[in-house]
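For reference, the structure is listed below as structure tokens.
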Amino acid sequence: MAKIPVGILGATGMVGQQYIALLANHPWFEVRYVAASPRSAGKKYREATAGRWHAAGGIPHPAVWDLIVEDANDVSKARAAEKRGDCAFVFSALEMGKDEIKTLEATYASAGIPVVSNASAHRLTEDVPMLIAEVNPQHTDIIPLQRKNHSWDKGFIVVKPNCSIQSYMTPIWALIQAGYEVKRMVVTTLQAVSGAGYPGVASLDMIDNIVPYIGGEEEKSEQEPLKILGSIAGGKIENYTGIKISAHCNRVPVIDGHTVAVSMEFGNKKPSIEEVKKIWTAFKALPQELEFPMAPVRPIIIREEADRPQPRKDRNADKAMAISVGRIRPCNVFDIRFVGLSHNTVRGAAGGGILNAELLKAKGYIG
Ligand code: NAP
């Protein structure tokens, strides 16, 4: 099977580099187009990332080394790449003004280039699905309507949610799906520094320290789950109203891996600890017959050790795509509490984006 040629916008950044690394041997997709800021435009990819390559190992793919980085703001370059068969769709890992990203991603879609985005700009746009492949794959059904709303022919936009909510959204969804309504949650995140991109938070603010504030993050952690759990109705994705979340988001001196401490309160039907473990162990939401290359074998891994999960030991579980949970125990205020962990630049960013693209290919939206 010929691989689908893909482009990466923001290819030189922290998340863009993860895309390059994770797609190096991908069986379905091949990186043939890279774009970043005007600062990098015109350079070979290896020159543009010299001295700031952060993904594990060196730049993995010889074919990518010499790709010329284009200016991501110049959509005509991607359009030309699409015409010569080098860019069927783009992953967006851009970091610039929210309104600028919003407009730019829409310009790609209107030019006939589907956008699988990591940026927050379109997360709350009513006809844009915000996907966690195992949780709300049915939200892709809004894509035809999105195209119709904008008179887009081939293009469309899908986004993935904030990296900090990956550590608990799938476990929460597994419980809701099993019939246990989670009514209220308090989540306290301990977020890695790579979540702020590069160079990110100054080292003097981070070493020997915790910063109890990440701009906009608590709002995202409280609002985005409502859309993910929502349903398509009246031509848009309507938020789920059955859950209330209070979030405390903290930046901690960990390189990769967001940890979260969660307390949950259930409705009338309350599961036992054993029931919760059984549901999480059995959870497997992606259709069995479709073998998505980026999908973890088990989306939720339970750590029974008293002191796990830990970022250094658990962030790379199952291609860094599994969510590790542990310390599942009764809560004195709510019902049950646990600790979740996921790799922020893989599960929470590039890996999650690739899994979404695999879902879109399986559903016939790309390729
Ligand atoms: P980053 O390391 O700062 O990289 C930003 C990328 O955007 C670079 O390729 C940069 O190109 C490009 N860029 C910056 N200004 C630009 C401009 N004016 N025009 C065109 N391109 C421009 O950021 P990141 O951490 O990779 O994050 C990328 C996106 O993913 C953000 O929207 C972020 O919110 C989201 N995200 C990040 C994480 C995470 O864990 N880091 C997780 C989930 C989602 P140059 O190299 O040329 O400057």
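The values are calculated or read from the model by the stated rules, or taken from the named source; none is laboratory data. This structure is a prediction, so every number in the text was calculated from the model and none was measured. Accessible surface areas use protein heavy atoms only, side chains included; no ligands, DNA or RNA. Shrake-Rupley method; radii C 1.70, N 1.55, O 1.52, S 1.80 Å.
For residue 208, the solvent-accessible surface computed with a 1.4 Å probe is close to 150 Å², ligands and nucleic acids excluded. Of the accessible area of segment 88-161, computed with a 1.4 Å probe over protein heavy atoms only, carbon and sulfur atoms account for 50 percent. These residues, 71, 127, go from largest to smallest accessible area, 1.4 Å probe, as 71, 127.
Where does the chain land at 222 nm, in deg cm²/dmol rounded to the nearest 500, when only DSSP H runs of n ≥ 4 count, each adding -39500 (n - 2.57), divided by all residues? Mind dumping the intermediate values first?
Details: 13 runs with 105 residues, N = 367.
It comes out at -7500 deg cm²/dmol, rounded to the nearest 500.
Carbon-plus-sulfur accessible fraction, segment 164-343 (probe radius 1.4 Å, protein heavy atoms only): 51%. Ordered by solvent-accessible area of protein heavy atoms (1.4 Å probe), largest first, the residues 139, 248 come out as 248, 139. Heavy atoms of the protein chains alone define the surface here; on that basis the chain has 42 Å² accessible area per residue at 1.4 Å probe size. Taking θ as phi - 60° and the Karplus parameters 6.51, -1.76 and 1.60, the scalar couplings of segment 239-244 work out to 4, 6, 10, x, 9, 10 Hz in sequence order, x denoting glycine and proline. Highest GNM mean-square fluctuation among 45, 168, 240, for the chain modelled with Cα contacts below 10 Å: 240.
Measuring nothing but how far apart in sequence close Cα pairs (under 8 Å, 6+ apart) lie, relative to its length, segment 164-343 scores a relative contact order of 28 percent.
Gaussian network model of the chain, Cα springs within a sub-10 Å range: biggest mean-square fluctuation belongs to which of 132, 207, 172? Sorting by GNM fluctuation, first place goes to 207.
Proximity of backbone amide H atoms, modeled 1.01 Å from N, is registered between residue 30 and 4, 6 at under 5 Å, excluding neighbours fewer than 5 places apart on the same chain.
For segment 1-94, what does the alpha-carbon gyration tensor say about shape, rounded, prolate or oblate, given a ≥ b ≥ c as the root eigenvalues, a/c under 1.5 as rounded, and a/b over b/c as prolate? Oblate is the answer for segment 1-94, as a/c is 1.5 or above yet b/c matches or exceeds a/b.
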